[in-house]
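Below is one structure; the comments refer to it alone.
The values are calculated or read from the model by the stated rules, or taken from the named source; none is laboratory data. The structure displayed is predicted, hence computed values, not measured ones. All Cβ positions, even for glycine, are placed from backbone atoms using ideal geometry, and neighbour counts span all protein chains on display. Side chains are part of the model used for accessible areas, which takes the heavy atoms of the whole protein and leaves out ligands, DNA and RNA. Shrake-Rupley method; radii C 1.70, N 1.55, O 1.52, S 1.80 Å.
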Amino acid sequence: TVKYCTGLTLNGSYGLLDDHKTLRELHVIGDHTLFKDAAVTHFPLRLSALTLKNISNLTDSILIQLVSQSADFLQTLRVIACPQISNAFIKKLAGLYGERSISLTELDLSYCRFICDEGIMYLTQVPIEQLVLQGLDITDETLRNIAAHFTALQSLDITACLLLDDKHKLTFLLSPPPPLLTHFICSSPSEHCLRAARKRGIQIVVHVDD
């Protein structure tokens, strides 16, 4: 039993949210019974941070229900390598923001393979400050969209986005990029990209591929 817990990590198949009223951060790694038959939606949560990683039975509908419960409090949402999550969830998330004063500022969608350009386009009205898109099949269309509409963005991670080459990165940095952008994380940037970033006061963080 978890008593007066403000942060909880569940690693494996079992674990209970006995004291969910005080829970503010929830991190779930791997398939979990909470997501079987949408059991997690039975707990009224008020989370400020939610991390879900490698959960094969997490669906768009369960995730949007879970996020909706914390819509007025959630600041950080990380959904990593969850194979059923798609553009449909992103569309509903953006709609939720339009209906309620969701305070989401950090969003990580890494390796959710069914999210592509269309999904990122839905986020233009959400004032995200940190956006992680590692391993997604996004194209330069997403970079153009981000440059034009993500005015609050401070950090962007496109590591391992294989459809984006150095030319696309350079075009993004010259476009110009979002006005508040200070960190751009990617793999193997060219010297041209590094120079363009320096001119705009942007730090390129080089991700070394394994």
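In what sequence, largest accessible area first, do LEU74, LEU174 appear using a 1.4 Å probe?
LEU174, LEU74
Ignoring everything but the protein chains, give the 1.4 Å probe accessible area of VAL132 in square angstrom, nearest 10.
Probe radius 1.4 Å; accessible area of VAL132 about 30 Å².
Using a 1.4 Å probe, how large is the accessible area of SER110, given in Å² and rounded to the nearest 10?
SER110 exposes around 10 Å² with every protein chain in place.
Using the Karplus curve 6.51 cos²θ - 1.76 cosθ + 1.60 with θ = phi - 60°, what ³J(HN,Hα) values do you get for each residue of region 89-94, in whole Hz, with x for Gly and Pro?
5, 4, 4, 5, 4, 5
Please name which of LEU170, GLN130, GLY201 has its Cα lying farthest along the dipole of region 127-210 towards the positive end, using unit charges on Cβ (Lys, Arg +1; Asp, Glu -1) and the Cα centre as origin.
Checked the options; the winner is GLY201.
What is the sum of charges around ASP60, taking Lys and Arg as +1, Asp and Glu as -1, for the other residues whose C-beta is under 13 Å from the C-beta of ASP60?
The answer is +2.
Could you please report the charge total around TYR122, scoring K, R as +1 and D, E as -1 over all other residues with beta-carbon less than 10 angstrom from its beta-carbon?
+1
Let me check against my output: what whole-number percent is the relative contact order of region 33-172, with C-alpha pairs under 8 Å and at least 6 apart?
19
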